[in-house]
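Quick notes on the structure that follows.
The values are calculated or read from the model by the stated rules, or taken from the named source; none is laboratory data. Only a predicted model underlies this, so the values are computations on that prediction, with no experimental measurement involved. Cβ placement follows ideal geometry from the backbone for every residue including glycine, while neighbour counts extend to all protein chains displayed.
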Amino acid sequence: MIDTHSTGGWAEPKPTAVLVLADGTVLEGFGLGASGHAVGEVCFNTAMTGYEEILTDPSYAGQIITFTFPHIGNVGTNEEDIETVNMAATPGVRGVVLHTAITDPSNYRATRHLDQWLRARRVVGLSGLDTRALTALIRERGYINAVIAHEPSGRFDLDALKQEARTWPGLVGMDLVPAVTSGQRFTWDETPWEWGKGYGRQEAPEFHVVAIDYGIKRNILRLLAGCGCKVTVVPAQTAADDILALEPDGIFLSNGPGDPAATGAYAVPVIRTMIDKGIPTFGICLGHQMLGLAVGAATLKMHQGHHGANHPVKDLTTGKVEITSMNHGFAVDSATLPDSVTETHVSLFDGSNCGMVLKERPVFSVQYHPEASPGPRDSHYLFTRFCDLMRTRKRG
(Lines give C-alpha, C1' and ligand atoms only; values in the text may rest on other atoms or scores of the structure.)
Protein backbone atom coordinates (compact mmCIF):
# COMPACT_ATOMS: atom_id res chain seq x y z
CA MET A 1 0.00 0.00 0.00
CA ILE A 2 1.34 3.45 -0.93
CA ASP A 3 1.62 5.93 1.94
CA THR A 4 -0.19 9.20 1.43
CA HIS A 5 -0.11 12.62 3.02
CA SER A 6 -2.83 15.25 3.06
CA THR A 7 -2.49 18.41 0.99
CA GLY A 8 -5.34 20.89 1.26
CA GLY A 9 -8.05 18.28 1.67
CA TRP A 10 -6.84 15.57 -0.69
CA ALA A 11 -4.35 12.76 -0.32
CA GLU A 12 -1.22 12.40 -2.43
CA PRO A 13 1.10 9.40 -2.58
CA LYS A 14 4.17 9.88 -0.40
CA PRO A 15 7.49 9.47 -2.26
CA THR A 16 9.57 6.63 -0.87
CA ALA A 17 12.44 6.77 -3.37
CA VAL A 18 14.56 9.41 -5.09
CA LEU A 19 16.98 9.63 -7.97
CA VAL A 20 19.50 12.36 -7.18
CA LEU A 21 21.49 13.55 -10.18
CA ALA A 22 25.04 14.87 -10.00
CA ASP A 23 23.82 18.40 -10.84
CA GLY A 24 21.61 18.38 -7.73
CA THR A 25 18.31 17.57 -9.46
CA VAL A 26 16.06 15.39 -7.29
CA LEU A 27 13.49 13.14 -8.98
CA GLU A 28 10.92 11.55 -6.67
CA GLY A 29 9.20 8.20 -7.05
CA PHE A 30 8.08 5.10 -5.21
CA GLY A 31 10.55 2.57 -3.91
CA LEU A 32 10.75 -1.05 -4.96
CA GLY A 33 13.29 -3.79 -4.52
CA ALA A 34 15.89 -3.38 -1.78
CA SER A 35 15.95 -0.50 0.68
CA GLY A 36 19.09 1.60 0.84
CA HIS A 37 20.98 3.59 -1.78
CA ALA A 38 23.50 3.07 -4.57
CA VAL A 39 25.58 5.34 -6.79
CA GLY A 40 26.19 4.74 -10.46
CA GLU A 41 25.94 5.91 -14.05
CA VAL A 42 22.39 6.24 -15.38
CA CYS A 43 21.78 4.66 -18.79
CA PHE A 44 18.60 3.77 -20.66
CA ASN A 45 17.64 0.49 -22.29
CA THR A 46 15.06 0.40 -25.08
CA ALA A 47 14.30 -3.34 -25.05
CA MET A 48 10.64 -4.30 -24.64
CA THR A 49 11.36 -7.82 -23.37
CA GLY A 50 14.04 -9.66 -21.46
CA TYR A 51 14.38 -7.45 -18.39
CA GLU A 52 15.64 -10.35 -16.26
CA GLU A 53 18.46 -11.11 -18.70
CA ILE A 54 19.33 -7.40 -18.78
CA LEU A 55 19.34 -7.05 -14.99
CA THR A 56 21.66 -10.06 -14.65
CA ASP A 57 24.10 -9.04 -17.39
CA PRO A 58 27.44 -8.37 -15.60
CA SER A 59 28.20 -5.71 -18.23
CA TYR A 60 25.86 -3.37 -16.33
CA ALA A 61 28.12 -3.23 -13.27
CA GLY A 62 28.29 0.33 -12.02
CA GLN A 63 25.13 1.43 -13.81
CA ILE A 64 21.54 2.35 -12.98
CA ILE A 65 19.21 1.11 -15.73
CA THR A 66 16.26 3.18 -16.89
CA PHE A 67 13.81 1.10 -18.92
CA THR A 68 12.02 3.08 -21.63
CA PHE A 69 9.37 0.36 -21.97
CA PRO A 70 6.76 1.12 -19.28
CA HIS A 71 5.68 -2.39 -18.29
CA ILE A 72 8.58 -4.09 -16.55
CA GLY A 73 7.93 -7.04 -14.25
CA ASN A 74 4.67 -8.20 -15.80
CA VAL A 75 6.01 -11.70 -16.56
CA GLY A 76 7.82 -12.14 -13.25
CA THR A 77 11.18 -13.84 -12.94
CA ASN A 78 12.51 -17.39 -13.03
CA GLU A 79 15.77 -19.28 -12.55
CA GLU A 80 16.25 -20.14 -16.24
CA ASP A 81 16.65 -16.62 -17.61
CA ILE A 82 19.51 -15.47 -15.38
CA GLU A 83 22.62 -14.50 -17.36
CA THR A 84 25.13 -14.13 -14.51
CA VAL A 85 27.62 -16.99 -14.36
CA ASN A 86 29.33 -16.01 -11.12
CA MET A 87 26.39 -16.13 -8.71
CA ALA A 88 28.67 -15.27 -5.78
CA ALA A 89 29.63 -11.93 -7.35
CA THR A 90 28.17 -8.61 -6.29
CA PRO A 91 25.09 -7.88 -8.46
CA GLY A 92 26.30 -5.90 -11.45
CA VAL A 93 23.47 -3.41 -11.88
CA ARG A 94 23.38 -0.72 -9.16
CA GLY A 95 19.72 0.20 -9.52
CA VAL A 96 16.65 0.21 -11.75
CA VAL A 97 14.23 2.98 -12.71
CA LEU A 98 10.74 2.13 -14.00
CA HIS A 99 7.79 4.13 -15.23
CA THR A 100 4.98 1.92 -13.95
CA ALA A 101 4.70 0.03 -10.68
CA ILE A 102 5.37 -3.69 -10.94
CA THR A 103 2.24 -5.78 -11.37
CA ASP A 104 1.70 -9.37 -10.32
CA PRO A 105 3.37 -11.75 -12.79
CA SER A 106 1.31 -13.21 -15.62
CA ASN A 107 3.39 -15.96 -17.19
CA TYR A 108 3.49 -19.72 -16.71
CA ARG A 109 7.28 -19.70 -16.31
CA ALA A 110 7.29 -17.16 -13.47
CA THR A 111 8.48 -18.36 -10.08
CA ARG A 112 8.92 -15.03 -8.28
CA HIS A 113 7.61 -11.46 -8.34
CA LEU A 114 10.19 -9.00 -9.73
CA ASP A 115 9.99 -6.87 -6.56
CA GLN A 116 10.87 -9.87 -4.39
CA TRP A 117 13.61 -10.87 -6.83
CA LEU A 118 15.18 -7.39 -6.67
CA ARG A 119 15.13 -7.43 -2.87
CA ALA A 120 16.80 -10.84 -2.82
CA ARG A 121 19.55 -9.55 -5.13
CA ARG A 122 19.95 -6.30 -3.12
CA VAL A 123 19.05 -4.08 -6.09
CA VAL A 124 17.48 -0.70 -5.29
CA GLY A 125 14.54 0.27 -7.50
CA LEU A 126 12.21 3.17 -8.16
CA SER A 127 8.98 3.56 -10.12
CA GLY A 128 6.73 6.48 -10.98
CA LEU A 129 9.17 8.55 -13.05
CA ASP A 130 8.66 9.80 -16.57
CA THR A 131 11.34 7.52 -17.99
CA ARG A 132 10.96 8.96 -21.49
CA ALA A 133 11.84 12.41 -20.17
CA LEU A 134 14.85 10.99 -18.30
CA THR A 135 15.93 9.24 -21.50
CA ALA A 136 15.67 12.51 -23.43
CA LEU A 137 17.85 14.16 -20.78
CA ILE A 138 20.53 11.48 -21.20
CA ARG A 139 20.40 11.86 -24.98
CA GLU A 140 20.93 15.61 -24.57
CA ARG A 141 23.58 15.62 -21.83
CA GLY A 142 25.14 12.18 -22.16
CA TYR A 143 25.56 9.70 -19.34
CA ILE A 144 24.53 11.06 -15.92
CA ASN A 145 25.98 10.08 -12.56
CA ALA A 146 23.38 9.72 -9.84
CA VAL A 147 22.37 8.14 -6.54
CA ILE A 148 19.22 6.03 -6.33
CA ALA A 149 17.74 5.69 -2.84
CA HIS A 150 14.78 3.79 -1.42
CA GLU A 151 13.58 4.46 2.12
CA PRO A 152 10.04 3.28 3.08
CA SER A 153 9.72 6.15 5.58
CA GLY A 154 10.30 8.70 2.83
CA ARG A 155 13.02 10.48 4.84
CA PHE A 156 16.24 11.24 2.95
CA ASP A 157 19.42 13.19 3.65
CA LEU A 158 19.34 14.95 0.31
CA ASP A 159 22.48 16.99 0.94
CA ALA A 160 24.48 13.82 1.56
CA LEU A 161 22.99 12.11 -1.52
CA LYS A 162 23.77 15.14 -3.70
CA GLN A 163 27.35 15.15 -2.44
CA GLU A 164 27.77 11.43 -3.20
CA ALA A 165 26.37 11.82 -6.71
CA ARG A 166 28.53 14.88 -7.41
CA THR A 167 31.79 13.32 -6.22
CA TRP A 168 31.42 9.83 -7.74
CA PRO A 169 34.19 9.67 -10.39
CA GLY A 170 32.26 7.76 -13.09
CA LEU A 171 33.26 4.77 -15.20
CA VAL A 172 36.15 6.28 -17.15
CA GLY A 173 39.33 4.70 -15.83
CA MET A 174 37.40 2.18 -13.71
CA ASP A 175 38.20 -1.55 -13.89
CA LEU A 176 35.01 -3.33 -12.77
CA VAL A 177 35.91 -6.79 -14.06
CA PRO A 178 37.37 -8.11 -10.76
CA ALA A 179 33.93 -7.74 -9.15
CA VAL A 180 32.16 -9.92 -11.75
CA THR A 181 34.68 -12.42 -13.10
CA SER A 182 34.67 -16.04 -11.97
CA GLY A 183 36.73 -16.87 -8.92
CA GLN A 184 38.11 -20.08 -10.38
CA ARG A 185 38.32 -22.13 -13.57
CA PHE A 186 35.37 -24.33 -14.56
CA THR A 187 34.00 -26.28 -17.52
CA TRP A 188 30.73 -25.52 -19.32
CA ASP A 189 28.69 -27.94 -21.45
CA GLU A 190 25.10 -26.64 -21.24
CA THR A 191 23.51 -26.01 -24.67
CA PRO A 192 20.72 -23.57 -25.67
CA TRP A 193 17.17 -23.80 -24.36
CA GLU A 194 14.57 -25.53 -26.53
CA TRP A 195 10.81 -25.31 -26.23
CA GLY A 196 9.47 -28.22 -24.22
CA LYS A 197 12.96 -29.56 -23.51
CA GLY A 198 14.83 -26.90 -21.58
CA TYR A 199 18.62 -26.85 -21.70
CA GLY A 200 20.65 -29.71 -23.13
CA ARG A 201 24.22 -30.98 -22.77
CA GLN A 202 27.14 -31.13 -25.20
CA GLU A 203 28.30 -34.73 -24.90
CA ALA A 204 30.56 -35.03 -27.97
CA PRO A 205 32.48 -31.77 -28.39
CA GLU A 206 34.60 -31.22 -31.48
CA PHE A 207 36.57 -28.26 -30.09
CA HIS A 208 38.04 -27.01 -26.84
CA VAL A 209 37.53 -23.28 -26.27
CA VAL A 210 39.02 -21.29 -23.43
CA ALA A 211 36.71 -18.39 -22.56
CA ILE A 212 38.34 -15.53 -20.67
CA ASP A 213 35.66 -14.30 -18.28
CA TYR A 214 35.49 -10.51 -18.05
CA GLY A 215 31.80 -10.80 -17.05
CA ILE A 216 30.57 -13.50 -19.41
CA LYS A 217 26.89 -14.29 -20.05
CA ARG A 218 25.43 -17.78 -19.87
CA ASN A 219 23.88 -17.71 -23.33
CA ILE A 220 27.27 -17.06 -24.90
CA LEU A 221 28.53 -20.23 -23.27
CA ARG A 222 25.43 -22.15 -24.35
CA LEU A 223 25.86 -21.13 -27.99
CA LEU A 224 29.52 -22.10 -27.93
CA ALA A 225 28.57 -25.50 -26.49
CA GLY A 226 25.73 -25.78 -29.00
CA CYS A 227 28.09 -25.48 -31.98
CA GLY A 228 30.35 -28.26 -30.74
CA CYS A 229 32.57 -26.78 -28.04
CA LYS A 230 33.76 -27.93 -24.68
CA VAL A 231 34.28 -24.60 -22.90
CA THR A 232 36.77 -23.98 -20.12
CA VAL A 233 36.03 -20.66 -18.44
CA VAL A 234 38.99 -18.95 -16.76
CA PRO A 235 39.15 -15.84 -14.54
CA ALA A 236 40.00 -12.53 -16.18
CA GLN A 237 43.56 -12.32 -14.84
CA THR A 238 44.62 -15.84 -15.86
CA ALA A 239 48.18 -15.80 -17.23
CA ALA A 240 48.82 -16.53 -20.91
CA ASP A 241 50.98 -19.58 -20.09
CA ASP A 242 48.18 -21.08 -18.00
CA ILE A 243 45.74 -20.61 -20.88
CA LEU A 244 48.11 -22.15 -23.41
CA ALA A 245 48.68 -25.11 -21.08
CA LEU A 246 45.00 -26.00 -21.58
CA GLU A 247 45.75 -26.57 -25.30
CA PRO A 248 42.75 -24.64 -26.64
CA ASP A 249 41.48 -24.86 -30.20
CA GLY A 250 40.08 -21.37 -29.79
CA ILE A 251 40.01 -18.38 -27.45
CA PHE A 252 36.89 -16.44 -26.56
CA LEU A 253 37.09 -12.88 -25.16
CA SER A 254 33.91 -12.13 -23.25
CA ASN A 255 31.75 -9.13 -22.61
CA GLY A 256 32.10 -7.22 -19.35
CA PRO A 257 31.77 -3.86 -17.56
CA GLY A 258 33.91 -0.78 -17.10
CA ASP A 259 36.59 1.01 -19.06
CA PRO A 260 38.45 -1.30 -21.50
CA ALA A 261 41.61 0.76 -21.14
CA ALA A 262 41.66 0.02 -17.39
CA THR A 263 41.00 -3.71 -17.76
CA GLY A 264 43.39 -3.82 -20.69
CA ALA A 265 46.34 -3.17 -18.38
CA TYR A 266 46.42 -6.90 -17.62
CA ALA A 267 44.19 -8.29 -20.39
CA VAL A 268 45.90 -6.85 -23.48
CA PRO A 269 49.28 -8.63 -23.06
CA VAL A 270 47.45 -11.96 -22.77
CA ILE A 271 45.37 -11.24 -25.87
CA ARG A 272 48.49 -10.30 -27.84
CA THR A 273 50.06 -13.63 -26.92
CA MET A 274 47.00 -15.50 -28.24
CA ILE A 275 47.13 -13.51 -31.49
CA ASP A 276 50.86 -14.20 -31.93
CA LYS A 277 50.22 -17.95 -31.47
CA GLY A 278 47.68 -17.88 -34.32
CA ILE A 279 44.89 -19.35 -32.18
CA PRO A 280 41.39 -18.64 -33.58
CA THR A 281 39.95 -15.88 -31.37
CA PHE A 282 36.46 -14.41 -31.10
CA GLY A 283 35.62 -11.33 -28.99
CA ILE A 284 32.34 -9.73 -27.96
CA CYS A 285 31.72 -6.25 -26.50
CA LEU A 286 34.44 -5.60 -23.89
CA GLY A 287 36.40 -8.42 -25.51
CA HIS A 288 36.06 -6.61 -28.83
CA GLN A 289 37.27 -3.35 -27.32
CA MET A 290 40.31 -4.94 -25.69
CA LEU A 291 41.15 -6.78 -28.92
CA GLY A 292 41.15 -3.33 -30.51
CA LEU A 293 43.60 -2.12 -27.88
CA ALA A 294 45.72 -5.22 -28.43
CA VAL A 295 46.18 -4.45 -32.14
CA GLY A 296 47.01 -0.80 -31.50
CA ALA A 297 43.66 0.98 -31.76
CA ALA A 298 42.18 3.32 -29.14
CA THR A 299 38.87 3.21 -27.28
CA LEU A 300 36.62 6.10 -26.32
CA LYS A 301 33.69 6.85 -24.02
CA MET A 302 30.42 7.27 -25.92
CA HIS A 303 27.96 10.11 -25.42
CA GLN A 304 24.96 7.96 -24.47
CA GLY A 305 26.07 4.45 -25.40
CA HIS A 306 24.01 1.72 -27.00
CA HIS A 307 21.64 -0.29 -24.81
CA GLY A 308 18.74 -2.21 -26.33
CA ALA A 309 17.61 -5.08 -28.52
CA ASN A 310 16.80 -3.28 -31.76
CA HIS A 311 20.07 -1.77 -32.97
CA PRO A 312 20.74 -1.98 -36.74
CA VAL A 313 24.28 -2.96 -37.71
CA LYS A 314 25.60 -3.21 -41.26
CA ASP A 315 28.02 -5.97 -42.26
CA LEU A 316 30.38 -4.15 -44.61
CA THR A 317 31.63 -7.42 -46.08
CA THR A 318 28.21 -8.58 -47.28
CA GLY A 319 26.00 -5.48 -47.22
CA LYS A 320 23.59 -7.28 -44.91
CA VAL A 321 21.87 -5.37 -42.10
CA GLU A 322 21.42 -7.21 -38.80
CA ILE A 323 19.15 -6.16 -35.94
CA THR A 324 21.22 -6.69 -32.83
CA SER A 325 21.29 -6.57 -29.06
CA MET A 326 23.71 -4.01 -27.64
CA ASN A 327 25.01 -2.95 -24.26
CA HIS A 328 28.10 -0.77 -24.21
CA GLY A 329 29.22 2.71 -23.21
CA PHE A 330 32.72 2.51 -24.69
CA ALA A 331 33.70 1.85 -28.31
CA VAL A 332 36.72 1.23 -30.51
CA ASP A 333 37.72 4.40 -32.35
CA SER A 334 37.57 3.27 -35.97
CA ALA A 335 39.87 6.11 -37.04
CA THR A 336 42.69 4.46 -35.07
CA LEU A 337 42.40 0.94 -36.53
CA PRO A 338 45.74 -0.13 -38.04
CA ASP A 339 46.21 -1.36 -41.62
CA SER A 340 46.41 -4.94 -40.34
CA VAL A 341 42.72 -4.78 -39.38
CA THR A 342 39.59 -4.59 -41.53
CA GLU A 343 36.48 -2.93 -40.13
CA THR A 344 33.60 -5.35 -40.77
CA HIS A 345 30.54 -3.86 -39.05
CA VAL A 346 29.21 -0.38 -38.26
CA SER A 347 26.23 0.96 -36.35
CA LEU A 348 23.55 2.46 -38.59
CA PHE A 349 22.52 4.73 -35.71
CA ASP A 350 25.78 6.66 -35.37
CA GLY A 351 28.38 5.00 -37.61
CA SER A 352 30.46 3.76 -34.68
CA ASN A 353 32.63 0.68 -35.06
CA CYS A 354 30.85 -2.62 -34.40
CA GLY A 355 33.19 -5.26 -35.77
CA MET A 356 36.65 -6.07 -37.11
CA VAL A 357 38.80 -8.91 -38.41
CA LEU A 358 42.57 -9.29 -38.52
CA LYS A 359 43.86 -9.69 -42.07
CA GLU A 360 46.57 -12.25 -41.34
CA ARG A 361 45.23 -14.04 -38.28
CA PRO A 362 42.04 -16.10 -37.58
CA VAL A 363 40.81 -13.40 -35.21
CA PHE A 364 37.59 -11.38 -35.28
CA SER A 365 35.24 -9.57 -32.92
CA VAL A 366 31.99 -7.61 -32.73
CA GLN A 367 30.82 -4.81 -30.47
CA TYR A 368 27.27 -6.07 -30.16
CA HIS A 369 25.84 -9.21 -28.50
CA PRO A 370 25.22 -11.97 -31.09
CA GLU A 371 24.04 -14.31 -28.34
CA ALA A 372 21.00 -12.00 -27.95
CA SER A 373 19.27 -13.01 -24.67
CA PRO A 374 17.38 -10.78 -24.93
CA GLY A 375 17.19 -9.79 -28.55
CA PRO A 376 16.96 -11.03 -32.13
CA ARG A 377 18.97 -14.00 -33.38
CA ASP A 378 20.23 -12.40 -36.59
CA SER A 379 23.86 -12.80 -35.53
CA HIS A 380 23.97 -16.37 -34.21
CA TYR A 381 25.95 -17.27 -37.35
CA LEU A 382 29.05 -15.70 -35.77
CA PHE A 383 29.40 -18.67 -33.43
CA THR A 384 29.37 -20.98 -36.46
CA ARG A 385 32.02 -18.78 -38.08
CA PHE A 386 34.20 -19.17 -35.00
CA CYS A 387 33.82 -22.94 -35.09
CA ASP A 388 34.65 -22.97 -38.80
CA LEU A 389 37.92 -21.13 -38.06
CA MET A 390 38.85 -23.73 -35.45
CA ARG A 391 37.93 -26.59 -37.79
CA THR A 392 40.11 -25.13 -40.55
CA ARG A 393 43.09 -24.75 -38.21
CA LYS A 394 42.72 -28.30 -36.86
CA ARG A 395 42.79 -29.63 -40.42
CA GLY A 396 46.05 -27.82 -41.00
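Determine whether the stretch 101-110 contains at least one residue that is surrounded by 13 or more Cβ atoms within 10 Å (Cβ to Cβ), closer than 24 Å to ALA372 by Cα and touching a strand residue (DSSP E or B) at 6+ places or on another chain (Cβ under 7 Å).
Residues of the stretch 101-110 that are surrounded by 13 or more Cβ atoms within 10 Å (Cβ to Cβ), as a first pass: 101-103, 105, 110.
Next, from what is left, pick out any that are closer than 24 Å to ALA372 by Cα: 105, 110.
After this cut, where a residue has to be touching a strand residue (DSSP E or B) at 6+ places or on another chain (Cβ under 7 Å) as well, the list is 110.
Taking every residue of the stretch 101-110 in turn, at least one turns out to be surrounded by 13 or more Cβ atoms within 10 Å (Cβ to Cβ), closer than 24 Å to ALA372 by Cα and touching a strand residue (DSSP E or B) at 6+ places or on another chain (Cβ under 7 Å).
Could you pull out every one of the strands (runs of 3 or more DSSP E) wholly within the stretch 16-73 that has 1 or more residues that are of a type in the set (Ser, Thr, Tyr)? If you could, list the steps in order and put the result at the bottom.
Working: elements: 17-21, 26-33, 36-45, 63-67.
Strands (runs of 3 or more DSSP E) meeting the threshold: 63-67.
Name the residue, out of GLY264, GLY278, GLY292, GLY215, that is buried (at least 23 other Cβ atoms within 10 Å of the Cβ) and either farther than 30 Å from ASP81 by Cβ or acidic (Asp, Glu) (or both).
On the way: GLY264 fails: buried (at least 23 other Cβ atoms within 10 Å of the Cβ); GLY278 fails: buried (at least 23 other Cβ atoms within 10 Å of the Cβ); GLY215 fails: either farther than 30 Å from ASP81 by Cβ or acidic (Asp, Glu) (or both).
Being buried (at least 23 other Cβ atoms within 10 Å of the Cβ) and either farther than 30 Å from ASP81 by Cβ or acidic (Asp, Glu) (or both) holds for just one of GLY264, GLY278, GLY292, GLY215, which is GLY292.
Would you point out which residue out of PRO192, PRO205 is part of a strand (DSSP E or B) and either surrounded by 15 or more Cβ atoms within 10 Å (Cβ to Cβ) or among the hydrophobic types (A, V, I, L, M, F, W, C) (or both)?
Details: PRO205 fails: part of a strand (DSSP E or B).
Sole residue among the options that is part of a strand (DSSP E or B) and either surrounded by 15 or more Cβ atoms within 10 Å (Cβ to Cβ) or among the hydrophobic types (A, V, I, L, M, F, W, C) (or both): PRO192.
For the subset of the stretch 218-235 comprising residues that are assigned to a helix (DSSP H, G or I) and basic (Lys, Arg), which member is surrounded by the most Cβ atoms within 10 Å (Cβ to Cβ)?
First, the residues of the stretch 218-235 that are assigned to a helix (DSSP H, G or I): 218-226.
This time we only want the ones that are basic (Lys, Arg), so: 218, 222.
Numbers: ARG218: 21, ARG222: 23.
Checked the stretch 218-235; the qualifying residue surrounded by the most Cβ atoms within 10 Å (Cβ to Cβ) is ARG222.
How many residues, within the stretch 142-163, are under 28 Å from ILE72 (Cα atoms) and either touching a His at 6+ places or on another chain (Cβ under 9 Å) or of a type in the set (Gly, Ala, Ser) (or both)?
12
How many residues does the stretch 53-84 contain that are buried (at least 24 other Cβ atoms within 10 Å of the Cβ), touching a strand residue (DSSP E or B) at 6+ places or on another chain (Cβ under 7 Å) and under 20 Å from TYR108 (Cβ atoms)?
Adding up the residues that qualify gives 1.
Starting from the stretch 296-318, keep only residues that are assigned by TED's automatic domain parsing to the domain that holds PHE349, then list their pairs with residues that are at pLDDT below 95 and loosely packed, with under 15 Cβ neighbours inside 10 Å whose Cβ atoms are within a distance under 6 Å, requiring at least 6 positions of separation or different chains.
Listed pairs, sorted by first residue: none to list.
Filter the stretch 121-166 for residues that are under 18 Å from CYS43 (Cα atoms) and of a type in the set (S, T, N, Q) and give the result.
SER127, THR131, THR135, ASN145, listed by residue number.
Can you name the residue in the stretch 228-268 that is without any contact (Cβ under 8 Å) to a residue 40 or more places away in the chain and of a type in the set (A, V, I, L, M) and, of all such residues, is nearest to GLY296 (Cα to Cα)?
Here the residue is VAL268.
From SER347, SER379, SER373, grab the single residue that is touching a Gly at 6+ places or on another chain (Cβ under 8 Å) and in contact (Cβ under 8 Å) with a residue 12 or more places away in the chain. Spell out how you get there, then give the answer.
Numbers: SER347 fails: touching a Gly at 6+ places or on another chain (Cβ under 8 Å); SER379 fails: touching a Gly at 6+ places or on another chain (Cβ under 8 Å).
The unique qualifying residue is SER373.
Can you tell me which residue within the stretch 325-351, out of those that are touching an Asp or Glu at 6+ places or on another chain (Cβ under 9 Å) and among the polar types (S, T, N, Q), is surrounded by the fewest Cβ atoms within 10 Å (Cβ to Cβ)?
SER340
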